[in-house]
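I have placed the structure first, in the form of structure tokens, so that the comments after it can refer back to it.
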Amino acid sequence: MRVLAIETSCDETGVSILEFKGRFLNYKILAEELASQVKIHQKYGGVYPTLARREHQINLPFLLERALLKIQPKIELKEKVKNKELIEKALEREVLAKKEVLNLLQK
């Protein structure tokens, strides 16, 4: 089974593609890509959340494409577009989920 792992911390965006075989701890990293935002946030003296979110949206499709090309070099254009759309939808859902959690915590 192949798993796409996406990590968005305050100042880094990461993508990994893992392949699990049999037991849970038996896996291989097929591809991994990382983009750092440290230089962008340095001038603010820390992470600027709105800027970080925008950078995640910009970086994620490129990182995903590079990771996919490592495991499947001949990817068709329509597959790339579909993957970008899926990432954008996932980011939208993530924002909505965080808002719902915050609303529950404020009650």
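The values are calculated or read from the model by the stated rules, or taken from the named source; none is laboratory data. Predicted model only: the values in this text are computed from it and were never measured. Neighbour counts run over all protein chains shown; Cβ positions are idealised from the backbone, glycine included. Just the protein is used for accessible areas: all its heavy atoms, side chains included, with ligands, DNA and RNA removed. Shrake-Rupley method; radii C 1.70, N 1.55, O 1.52, S 1.80 Å.
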ask   = Across the stretch 1-33, which residue is nearest to the chain's Cα centre (by Cα) among those that are over 20 Å from H56 (Cβ atoms) and either outside any strand (DSSP E or B) or polar (S, T, N, Q) (or both)?
value = M1
request  = Could you tell me whether R53 is open to solvent by 100 Å² or more (accessible area, probe 1.4 Å), within 17 Å of D11 (Cβ to Cβ), modelled with pLDDT of 65 or more and under 15 Å from the mean Cα position of the chain (by Cα)?
outcome  = yes
ask   = Out of the stretch 13-33, which residues are under 23 Å from R66 (Cβ atoms) and either of a type in the set (S, T, N, Q) or open to solvent by less than 100 Å² (accessible area, probe 1.4 Å) (or both)?
value = T13, G14, V15, S16, I17, L18, E19, F20, I29, L30, A31, E33
key: the stretch 15-50, residues that are modelled with pLDDT under 85 and of a type in the set (K, R)   = R23
message = Just to be sure I understand the filter: pairs with C-beta atoms under 6 Å, separated by 6 or more residues or on different chains, first member in the stretch 20-48 and closer than 16 Å to L4 by Cα, second member of a type in the set (D, E, K, R) and not in a strand (DSSP E or B). Which pairs pass?
response = A31/K70; E33/R66
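Restricting to the stretch 34-50, what's the tally of residues that are surrounded by fewer than 13 Cβ atoms within 10 Å (Cβ to Cβ) and within 18 Å of the chain's Cα centre (by Cα)? Steps first, please.
Narrowing the stretch 34-50 to residues surrounded by fewer than 13 Cβ atoms within 10 Å (Cβ to Cβ): 34, 38-39, 42-46, 49-50.
Keeping just the survivors that are within 18 Å of the chain's Cα centre (by Cα) gives 34, 38, 49-50.
Total satisfying the criteria: 4.
Does the stretch 70-89 contain at least one residue that is at pLDDT 85 or above and open to solvent by less than 80 Å² (accessible area, probe 1.4 Å)?
Within the stretch 70-89, not a single residue is at pLDDT 85 or above and open to solvent by less than 80 Å² (accessible area, probe 1.4 Å).
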